[in-house]
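The values are calculated or read from the model by the stated rules, or taken from the named source; none is laboratory data. Please read these numbers as outputs of a predicted model, since none were measured by experiment. Please note: Cβ atoms are built from the backbone with ideal geometry, for glycine as well, and neighbour counts cover all protein chains shown.
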Amino acid sequence: MPGPRVFRLTSLTDPALAGFDDVIDVRSPSEYADDHMPGALNLPVLDDAERARVGTIYKQVSPFDARRVGGALVAANAAAHIAGPLSQRDGSWQPLLYCWRGGQRSGSFATILAQIGWRAAFIEGGWKTWRRLVLDMVEARGPASPLLVLDGNTGSAKTRILGRLAGRGVQVIDLEALANHRGSLFGAMPGGQPPQKLFESRLAVALARLDPARPVVVEAESSRIGEIVVPRAMWRALCAAPRVRLAVPVAARAAFSVADYADMLVDPARIDATVTRLSPLHPATRIAAWRALAAAGDWTTLAAQLMRDHYDPRYLSHRARHAGMEIAEITLGSLDDAAQDVAAARVEAVLASPRFTGWAAPAGPDRGP
């Protein structure tokens, strides 16, 4: 029987990937959790404890003994995967496997699958090849499309409007969705954030899928989204891009935020703890008043006061740094569905206007990190 094929991955969206029925990550569960190719199945040929055991034998006994023990474990785990998750694959199945650097783990499992008769292949260089492509995109290249930043004070429904733009066929990148975080102090989402490397993989694929001939809209962010750091090339692009700003009254933003953060309101203790974390930044009397509003469940008043006394003053400082980048302002009296549709239409009009198509960055110092 022929052996497995070697697959040379050349890009994050390599069209040849479509020729495989499944991409299988054979690394340990912890390696997979830290980062993996989008859509890859995790069928480890060594789990975390087994991988540590083999590594210890390699260092303390000998490479030969490590390979002997590891080979037995790989064969046993491969047999379990073939009898279990892969038991329903027919003879035409074509899998693509990878491990950390395209070595023994993926090659061994791919050889077994090829001997059965499946057209198995493994990625040359493994996950490290993938990681190099990711870093090239997010640290060196960044978005190839012309970029417009959607800016506005906290609670301006920027993420919702971004979604409406996507529904209108506009290219968008939702950094907060990729980071699973709403970007504010109260922005934690169920399930927690992905590891930094996995976020970078998600962002790199999103960038690679852009049509460079069409603009892309991205929400304004700080250099961190929760615990996630925005990679250098993406951050440079955000700092250098023109901006359109949403101007919305505090009352409308507070009402919208209460509805948007409804998942948090079921846990007042969490809100109280988050407000308490602001103690170093505000007078004790103000923190006490905010905690009292949280205890009373007066969420709209609390949201309005947080915006007025905490978020908005910080936004003014942020806006001053990007004053020369603003090319349009969109004023909204409310943030209901109709208003969000109006905002999306106006952003789309900006994309087609000479203010954007003919925009050039103002002269001045490097605006990157």
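Does E176 qualify as being surrounded by 18 or more Cβ atoms within 10 Å (Cβ to Cβ) and acidic (D, E)? Spell out how you get there, then give the answer.
On the way: surrounded by 18 or more Cβ atoms within 10 Å (Cβ to Cβ): yes; acidic (D, E): yes.
So E176 passes the test.
Among the listed residues G117, G152, G125, which satisfies the condition of being in the same structural domain as A328 (by TED's automatic domain parsing) and either over 28 Å from V230 (Cβ atoms) or at pLDDT 95 or above (or both)? Let's see the steps before the verdict.
Numbers: G117 fails: in the same structural domain as A328 (by TED's automatic domain parsing); G125 fails: in the same structural domain as A328 (by TED's automatic domain parsing).
Every option except G152 fails the conditions.
Kindly indicate which of P231, P242 is over 30 Å from D14 (Cβ atoms), at pLDDT 95 or above and either surrounded by fewer than 16 Cβ atoms within 10 Å (Cβ to Cβ) or outside the structural domain of E31 (by TED's automatic domain parsing) (or both). Before the answer, list the steps.
On the way: P231 fails: over 30 Å from D14 (Cβ atoms).
Exactly one of P231, P242 is over 30 Å from D14 (Cβ atoms), at pLDDT 95 or above and either surrounded by fewer than 16 Cβ atoms within 10 Å (Cβ to Cβ) or outside the structural domain of E31 (by TED's automatic domain parsing) (or both), namely P242.
Please verify whether segment 229-251 includes one or more residues that are charged (D, E, K, R) and without any contact (Cβ under 8 Å) to a residue 60 or more places away in the chain.
Here is the first cut: in segment 229-251, the ones charged (D, E, K, R) are 232, 236, 243, 245.
Next, only the ones that are without any contact (Cβ under 8 Å) to a residue 60 or more places away in the chain stay: none.
Checked segment 229-251: no residue is charged (D, E, K, R) and without any contact (Cβ under 8 Å) to a residue 60 or more places away in the chain.
Filter segment 79-96 down to residues that are under 31 Å from the mean Cα position of the chain (by Cα) and of a type in the set (S, T, N, Q), then give me how many there are.
So the answer is 1.
What pairs come up if the first residue lies in segment 63-82 and is closer than 12 Å to I112 by Cα, the second is part of a helix (DSSP H, G or I) and not hydrophobic (A, V, I, L, M, F, W, C), and their beta carbons are under 6 Å apart, counting only those six or more places apart or on different chains?
V74/S108
Here are the criteria: (1) in contact with a His (Cβ under 7 Å, 6 or more places away or on another chain); (2) at positive phi. Tell me which single one D25 does not satisfy.
(2) is the only condition that D25 fails.
Among the numbered conditions (1) more than 25 Å from A251 (Cβ to Cβ); (2) in contact with a strand residue (DSSP E or B) (Cβ under 8 Å, 6 or more places away or on another chain); (3) surrounded by fewer than 18 Cβ atoms within 10 Å (Cβ to Cβ); (4) at pLDDT 95 or above, tell me where L351 comes up short.
(3)
Can you confirm whether segment 65-72 contains a residue that is under 16 Å from L41 (Cβ atoms) and in a helix (DSSP H, G or I)?
Here is the first cut: in segment 65-72, the ones under 16 Å from L41 (Cβ atoms) are none.
No; the residues of segment 65-72 include none that is under 16 Å from L41 (Cβ atoms) and in a helix (DSSP H, G or I).
Does I327 count as under 26 Å from V217 (Cβ atoms) and in contact (Cβ under 8 Å) with a residue 60 or more places away in the chain? Walk me through how you get there before you give the answer.
On the way: under 26 Å from V217 (Cβ atoms): yes; in contact (Cβ under 8 Å) with a residue 60 or more places away in the chain: yes.
Yes.
Which of the residues that make up segment 151-173 are out of contact with any Asp or Glu (no Cβ under 7 Å at 6 or more places or on another chain), over 15 Å from L332 (Cβ atoms) and not in a helix (DSSP H, G or I)?
Within segment 151-173, G169, V172, I173 qualify.
Within segment 81-118, take every residue that is in a helix (DSSP H, G or I) and hydrophobic (A, V, I, L, M, F, W, C) and give me the one that is surrounded by the fewest Cβ atoms within 10 Å (Cβ to Cβ). It would help to see each step written out before you state the result.
Step one: list which residues in segment 81-118 are in a helix (DSSP H, G or I), which gives 81-83, 104-116.
Pick out the ones that are also hydrophobic (A, V, I, L, M, F, W, C) and you get 82-83, 109-110, 112-114, 116.
On the way: I82: 17, A83: 9, F109: 27, A110: 28, I112: 18, L113: 25, A114: 19, I116: 13.
Result: A83.
Is one or more of the residues making up segment 17-27 within 27 Å of the chain's Cα centre (by Cα), more than 23 Å from I116 (Cα to Cα) and free of Cβ contacts under 8 Å to residues at least 60 places away in the same chain?
Checked against the condition, which is being within 27 Å of the chain's Cα centre (by Cα), more than 23 Å from I116 (Cα to Cα) and free of Cβ contacts under 8 Å to residues at least 60 places away in the same chain, segment 17-27 yields no hits at all.
Test S11 against the criterion of being touching a residue at least 24 places away in the same chain (Cβ under 8 Å), loosely packed, with under 13 Cβ neighbours inside 10 Å, within 31 Å of the chain's Cα centre (by Cα) and farther than 17 Å from A120 by Cα, and give yes or no.
Judged against the criteria, S11 is a match.
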